[in-house]
2 protein chains.
Amino acid sequence: MAKSWATLGVDLHVEPTGSGVRKGLTDALREAVRGGRLAPGTRLPSSRSLAADLGIARNTVADAYADLVAEGWLTARQGSGTQVAERTVAPQGPEPAQRRREPSGPAYDLVPGSPDLASFPRTAWLKAARRALTDAPHEALGYGDPRGRPELRAALAGYLSRARGVRADPDRILVCSGFADALTLLGTVLRQRGLRSVAVESYGLDAHWNLLHRSGLRTTPLPFDELGTDTRDMGGARAVLLTPAHQFPMGVPLHPDRRAAVVDWARRTGGLVLEDDYDGEFRYDRQPVGALQGLDPDHVIHMGTASKSLAPGLRLGWLVLPPSLVNEVVSLRAGGGWSTGVLDQLTLAEFITSGAYDRHVRAARLRYRRRRDALVAALAARAPAVRATGIAAGLHAVLQLPPGTERSVVQATAWHGLAVHGLARHRHPDASVPPLDALVVGYGTPPDHAWSGALDALCRALP
Amino acid sequence: MAKSWATLGVDLHVEPTGSGVRKGLTDALREAVRGGRLAPGTRLPSSRSLAADLGIARNTVADAYADLVAEGWLTARQGSGTQVAERTVAPQGPEPAQRRREPSGPAYDLVPGSPDLASFPRTAWLKAARRALTDAPHEALGYGDPRGRPELRAALAGYLSRARGVRADPDRILVCSGFADALTLLGTVLRQRGLRSVAVESYGLDAHWNLLHRSGLRTTPLPFDELGTDTRDMGGARAVLLTPAHQFPMGVPLHPDRRAAVVDWARRTGGLVLEDDYDGEFRYDRQPVGALQGLDPDHVIHMGTASKSLAPGLRLGWLVLPPSLVNEVVSLRAGGGWSTGVLDQLTLAEFITSGAYDRHVRAARLRYRRRRDALVAALAARAPAVRATGIAAGLHAVLQLPPGTERSVVQATAWHGLAVHGLARHRHPDASVPPLDALVVGYGTPPDHAWSGALDALCRALP
């Protein structure tokens, strides 16, 4: 490797290899193109600008460029400057690693967890982004507050209070990068406090359990019955992770008595309830369930995201923390470098305060309710043996199957071009509840035009 | 707490407290306003829409609204609907926690680490955002590839190869949330591989050392002399964190012999070099230093961010990984939920490929070079005893002070309204190099119009 690792050009890093400025530059450029380091189509700096950067005569650069154009490595066209030629021969350098090719996926994706990405409100979002960036003070672009931008925390406090009954103070809100980030932060704090395990629901997402395991915590499942998760015997756990408004994946709300009981437990023992309010915005019945946090903001941590209401790709989530946890969580976040881009934060704040968020959620709710209704109607007509439950809210339904048939039905759905999960994969490995045979059908993911086709394929796969 | 925690209204969460629908709704709304849960200025849903959500008569809602308007809690105006009144009395509910007030800061911030936020290219960024979001496929808004968007990884591979001499393949690039996120990921992987310590430079950032400590690693400082950091005796460490292009904070590039030596060490022992290329774009001399990674992409991890070239608030950084590390780092990231919003990723990709990034960096380089020149001229004229070093590149300079004077000069700068760091705080606690007295002066942070004032205050504070 060359000792004199000189760089010719401020934006163009090349190694001159020979003697003589022109030859050195020509060789270095040729080598960079040959090796693939300068990709076909790359625009080179103007000869004037490169010469100035290198402190050499402009003609020397122009001559080197001309040599390489003559050799076919570069192309020069009036108006578009000098570019690396689009060669048809393969570069002689090492090939870039073969791009991974995904096997062709299923025709319809009914795995729960993602909203309809085709209905992301691009125009309204861009409008909010323009207004937010135009209005932002310069300091907003700096490292800033580890809790996130004050504009967003104020907007979230207003929204969560109004729409979800959360008792929210902007000072106790922490903006984070989606649910996984939030749960990792909380898991780390709980472990630092000396906790060894967290009680979880018998049914849930293994990805969430694994996040807690990575923080050094065990997960112990609680019993589950028709009233929801039973928190009467916590088995010594001092924290519990719940989906009170809409149990994932079973789809039922936690019974009012159970809600009261878990809050009583937390008060009596100083325990903490981690409330995963993942799809609280999407409720189709007339008695939707407010946030558990409203019952006891000192013991319940409210956790939400924009992943279901807008898009997971935004990576925007939030924690509403009890006063006793704020310092620990914020200093952990401050020490680790925080992670949510301020432009999206400012845009979401503008999106909420302008009313665009409410409008989007209302429109999405209507769309998903229609899908839900079509699912229920199709099942009644074509698969009357299958009972759909957990359908009052959210973006998925549970289709209860005859005992012993889950595995064969999941296989049949794959044959019909569907990606669907069976309930078994959402059952905690240590759960004591008797296994149920069911499909968990997400109806958020397919775009509108694909929904009737997906439904048809699903009905054909059902017993 | 009420057992029947019913929600009246899909976007409006209230608890009816009495009997009778109208009275229940009126009381619940009044309580929500009184307690501050519905903030002054909040727009309420139309009576039609709330009535539909609640399944009650529209007149009942209209009557409840009218009652509360009469009581002064709400206001109704033609065209703008019903809103919570802007009251002058304090709400009777618990006060929101007192907003923290920062003590008034110094007049001029010369702490290194932040670019000039006032020159963030807002218009060009918005233009790129519009194009990026308009062109993005729907699937881009989903959870996606834990390495980050392919558009950005391709753009970075081209840019880093062209401008920094990095051997970059998009498949080996991982987009992350700034340097802290990158170092935390790498620290975790090194710890998983069984490493117990990482060699670091005698001078650096304690925040970075602390990130490694949090991953369970010790940091052991290497000697430092006029050729830069001396890596000849690694003391058994199997990884080293370096700033080869522009040592932070001393400002010197690593000598070519030392560059060769550390790569030889890595090859001989299977060691890893973590290359922190934090301000590689900003070089003012004619022999800028290319990325060390170009010498040995199998043993050097290239780490960069947009925090100095654009703004820290973007939280955009990247790792170029050796092939042997890709799977470990990517699976760690995939398991933890990744953290960088796709919209900013797509926007940066568009910003780079359109040439806007090059234009911005060139303009910024010119601006910083002028500041640097003004600093050097002012020191020569007004503080000839102070020698500025490390000025060939970057956004900061080291002002060498007479022995024993650093502490008093730092105090004097504070008296003159400046925030400046002494070199002592950047010295590793276990470093064996003799302490030097110096100031580390960042010239990126002040906006252009404040620079001459900052310089003047600095010269007055110097001996």
Inset, instruction - Using a 10 Å Cβ count of at most 13 others and DSSP loop calls, identify the longest part of chain B lacking such trypsin sites (Lys or Arg not before Pro). - result: B:233-463
Inset, instruction - Could you give the size of the charge dipole of chain B about its Cα centre, using +1 on the Cβ of each K and R and -1 on the Cβ of each D and E, expressed in debye and rounded to the nearest 20? - result: 440 debye
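Can you tally the net charge around residue A:177? Count Lys and Arg as +1, Asp and Glu as -1, for every other residue whose Cβ sits under 13 Å from the Cβ of residue A:177.
Taking every other residue near residue A:177 into account, the sum is 0.
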Inset, instruction - Using +1 at the Cβ of each Lys and Arg and -1 at the Cβ of each Asp and Glu in the range B:155-284, identify which of B:243, B:189, B:228 lies farthest towards the dipole's positive end. - result: B:189
Inset, instruction - Output the DSSP H helices from chain B with an along-axis C-alpha extent of no less than 27 Å and a mean Kyte-Doolittle hydropathy no less than -1.0. - result: B:356-382
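What FRET efficiency, computed as 1/(1 + (r/R0)^6) with R0 = 56 Å and r the Cβ-Cβ distance, is obtained for residue B:331 and residue B:78, rounded to the nearest 0.05?
Computed FRET efficiency for residue B:331 and residue B:78 comes out at 0.40.
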Legend entry - Karplus 3J(HN,Hα) series, Hz, for the range A:217-232 with 6.51 cos²θ - 1.76 cosθ + 1.60 (x for Gly, Pro): 10, 8, 10, 10, x, 9, x, 9, 9, 5, 8, x, 6, 9, 9, 5
Inset, instruction - Would you pull out the residues with amide H under 5 Å of residue B:142's amide H, same chain only if 5 or more places away, H placed 1.01 Å from N? - result: A:313
Legend entry - Solvent accessible area, Å² - residue B:56, 1.4 Å probe, full protein context: 50 Å²
Inset, instruction - Could you work out the longest stretch of chain A that avoids the GluC sites (Glu not before Pro) located in DSSP loops with at most 15 other Cβ atoms within 10 Å? - result: A:227-463
Legend entry - Accessible area, probe 1.4 Å, largest first, for residues B:354, B:408: B:408, B:354
Legend entry - Counting DSSP beta bridges with both ends in the range B:121-354, the antiparallel % (nearest 5): 40 percent
Inset, instruction - Answer with one residue from B:50, B:384, B:69: the one whose Cα lies farthest towards the positive end of the charge dipole of chain B, charges on Cβ with Lys, Arg +1 and Asp, Glu -1. - result: B:69
Inset, instruction - Return the calculated 222 nm mean residue ellipticity for chain A, to the nearest 500 deg cm²/dmol, obtained by summing -39500 (n - 2.57) across DSSP H runs with n ≥ 4 and dividing by the residue count. - result: -12500 deg cm²/dmol
Legend entry - FRET efficiency estimate (nearest 0.05) - Cβ-Cβ, residue B:43 to residue A:118, R0 30 angstrom: 0.55
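By DSSP, what percent of the beta bridges with both residues in chain B are antiparallel, rounded to the nearest 5?
Given both bridge residues lie in chain B, the antiparallel proportion sits at roughly 65 percent.
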Inset, instruction - Quick one: compute the contact order of the range B:121-354, relative version, from alpha carbon pairs under 8 angstrom and 6+ residues apart, as a percent. - result: 29 percent
Inset, instruction - Could you grab the relative contact order for chain B? Cα pairs under 8 Å, six or more apart, rounded to a whole percent. - result: 19 percent
Legend entry - Rel. contact order, % - alpha carbon contacts under 8 angstrom, at least six apart, the range B:110-192: 21 percent
Inset, instruction - Please list, in chain and number order, the residues 5+ apart from residue B:396 or on another chain whose amide H is under 5 Å from its amide H, with Hs placed from the backbone. - result: B:443
Inset, instruction - Subtract the Cα-Cα distance of residue A:408 and residue A:58 from 0.36 nm times their separation in residues, and report this length gain in nm to one decimal. - result: 118.7 nm
Inset, instruction - May I ask for the net charge around residue B:308, where only other residues with Cβ less than 9 Å from the Cβ of residue B:308 are counted and Lys, Arg are +1 while Asp, Glu are -1? - result: -2
Legend entry - For the protein assembly as shown, share of DSSP beta bridges that run antiparallel, in % to the nearest 5: 65 percent
Inset, instruction - Would you mind listing the distances between the residue B:447 label point and the same position in each other copy? Use 7 Å along Cα-to-C-beta, nm, one decimal, shortest first. - result: 4.4
Legend entry - Solvent accessible area, Å² - residue A:250, 1.4 Å probe, full protein context: 20 Å²
Inset, instruction - Mind listing the long-range amide H neighbours of residue A:218? Cut-off is under 5 Å, sequence gap 5 or more, other chains count too, H placed in the peptide plane at 1.01 Å from N. - result: A:197, A:198
Inset, instruction - Any aspartates and glutamates with Cα under 13 Å of the residue B:23 Cα? List them, leaving off those in the same chain fewer than 8 positions away. - result: B:15, B:31, B:63, B:67
Legend entry - Cα-derived Rg to Rh of the range B:312-463, Kirkwood definition: 1.09
Inset, instruction - Using θ = phi - 60° and the Karplus relation 6.51 cos²θ - 1.76 cosθ + 1.60, list the HN-Hα couplings for the range A:425-436 in order, rounded to whole Hz, with x at every Gly or Pro. - result: 6, 9, 8, 4, x, 9, 5, 9, 5, x, x, 10
Inset, instruction - For every other residue with a beta carbon closer than 10 angstrom to the beta carbon of residue A:248, add +1 if it is Lys or Arg and -1 if Asp or Glu, then tell me the sum. - result: -3
Inset, instruction - Taking all protein chains together and a probe of 1.4 Å, list A:208, B:396 from the most accessible to the least accessible. - result: A:208, B:396
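The values are calculated or read from the model by the stated rules, or taken from the named source; none is laboratory data. Bear in mind that the values here come from a model prediction, so they are computed numbers and not experimental data. Note that we place each Cβ from the backbone using ideal geometry, even for glycine, and neighbour counts take in every protein chain shown. When the accessible area is computed, the model is the full protein with side chains, heavy atoms only, and any ligands, DNA or RNA have been set aside. Shrake-Rupley method; radii C 1.70, N 1.55, O 1.52, S 1.80 Å.
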